[in-house]
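The values are calculated or read from the model by the stated rules, or taken from the named source; none is laboratory data. Predicted model only: the values in this text are computed from it and were never measured. Here the Cβ positions follow ideal geometry from the backbone for every residue, glycine too, while neighbour counts run over all protein chains shown. SASA here: full protein model, heavy atoms, side chains in, ligands and nucleic acids out. Shrake-Rupley method; radii C 1.70, N 1.55, O 1.52, S 1.80 Å.
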Amino acid sequence: MGKGKAFIFTAPSGSGKTTIVKHLLANNPKLGFSISASTRDKRGRSEENGKDYYFLSKEEFRQKIEDNAFVEWEEVYTGNYYGTLKSEVERIWADGRHVVFDVEVKGALKLKEYFGDNALAVFVKVPSMEELKKRLTGRGTESAESLSQRFYRAEFEMTFENKFDVTLVNEDLEESFANAEVLVSDFLNK
Ligand code: 5GP
């Protein structure tokens, strides 16, 4: 199997990384999204099983851990598991594309260690914690409990910025799209 490259996008929840990742994927046919497995509930009509995530029961997730099916996995929020499937990376590379990950910080560090120089690890940063809280609340998809867990985790995750290859400050989305495109093309042309 020919090996492609890997792009790891990480950030505190609510920083806009998923929007940036979706933009890149929609505009570059050489990129493929690694669909993670997750045990969290699907967000209403905005998400699809097998597109945004493979939504699994805890039992199914545990079975995959046992089968050694994950490159990495984390209990991101209490009782909610998320993991990168080896089969996703293989599927995308076999298709001649480069794989793109959208994961939280700890998983991103594991992926960077696994893929090494073959990966570019991008830390997406919001201009301030205030802005992050505003965005998370404004999304309107989270319960109060989920919001407070996400705020708490975001503050912790912000301290990991210097462990990544590059930081992308997401102040203005259009600008961030353009900056992300440059990061990708520069890494592919290296
Ligand atoms: P959400 O519930 O908002 O979709 O995702 C919560 C967090 O889990 C986000 O930071 C998201 O990027 C991260 N995440 C999604 N998939 C994975 C994965 O496979 N592994 C890890 N470690 N984190 C993931």
Inset, instruction - Provide the percentage of antiparallel DSSP beta bridges, counting only those with both residues in the chain; round to the nearest 5. - result: 30
Inset, instruction - Sort the following peptides by mean Cβ neighbour count (other Cβ atoms within 10 Å, averaged over residues), highest first: 122-132, 86-96. - result: 122-132, 86-96
Inset, instruction - With just the Cα atoms of the range 1-97, tell me how far they stretch along each of the three principal axes, in Å, largest first. - result: 34, 32, 23
Inset, instruction - Among Ser148, Ser15, Ser38, determine the one that fluctuates most according to a GNM of the chain built with springs between C-alpha atoms less than 10 Å apart. - result: Ser148
Inset, instruction - Determine the sum of side-chain charges near Gly107: Lys and Arg each +1, Asp and Glu each -1, restricted to other residues whose C-beta is under 12 angstrom from that of Gly107. - result: -4
Legend entry - Separation between Cα centres of the range 21-37 and the range 119-190, rounded to whole Å: 17
Legend entry - Solvent-accessible area per residue, Å², over the range 1-96 with all protein chains present [probe radius 1.4 Å]: 51
Inset, instruction - Could you work out the Rg to Rh ratio of the range 93-165, with Rh taken as the Kirkwood radius (inverse of the mean 1/r over all Cα pairs)? - result: 1.05
Inset, instruction - Counting other Cβ atoms within 10 Å, keep those with at most 12, restrict to DSSP loop, and tell me which GluC sites (Glu not before Pro) in the range 1-71 are left. - result: Glu48
Inset, instruction - Calculate, in whole percent, how much of the Cα-Cα pair population of the chain lies beyond 20 Å. - result: 54
Legend entry - Calculated on alpha-carbon atoms, Rg and Dmax of the range 46-135 in Å: 14.8, 42
Inset, instruction - Tabulate in residue order the Karplus-calculated ³J(HN,Hα) for the range 27-38, using 6.51 cos²θ - 1.76 cosθ + 1.60 with θ = phi - 60°, rounded to whole Hz; enter x for Gly and Pro. - result: 10, 9, x, 7, 9, x, 7, 7, 7, 7, 8, 8
Inset, instruction - Give the long-range amide H neighbours of Leu168: residues separated by 5 or more places, or on another chain, with amide H under 5 Å away, using H modelled in the peptide plane at 1.01 Å from N. - result: Phe123, Val124, Lys125
